[in-house]
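Notes follow the structure.
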Amino acid sequence: MIFNTPRDVLSFVRECLEDADVDRLYGAVMEPTDELWRERIFEALRQIEASDTLEEVFLAEKCFPKTETEYKLGGHSQRTRHIHFDLIRVRRRWRLKKIWMCR
């Protein structure tokens, strides 16, 4: 799956949450994620979406950087529940490389 903006990533994640479709979410990720972490992260994302919006919690920039090849949403904080979305530029387009939780 290709993303044009960070907001597109979060919209896609929200669609997966609304459809309760863990497989669709992780099907868009380049690196495999262990089943245990897939479920934990998905549930944590549901909890975030229930109390805030994904955009309020994860969105820092409206656009991807023009010259960088990697970009991250989320990070080391209680608000993000320590969830990281690692994105990588592939031929001028952005893809989800990895979704992971650091705690």
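Only the coordinates and a few stated rules stand behind these numbers; no lab work does. Predicted, not measured: the structure shown is a model, and the values here were computed from it. All Cβ positions, glycine included, derive from the backbone under ideal geometry; neighbour counts span all protein chains shown.
Here L54 fulfils each of the conditions (1) touching a residue at least 40 places away in the same chain (Cβ under 8 Å); (2) farther than 17 Å from N4 by Cβ apart from (2). Residue count for region 47-68 under the criterion of being acidic (D, E) and under 15 Å from the mean Cα position of the chain (by Cα): the result is 4.
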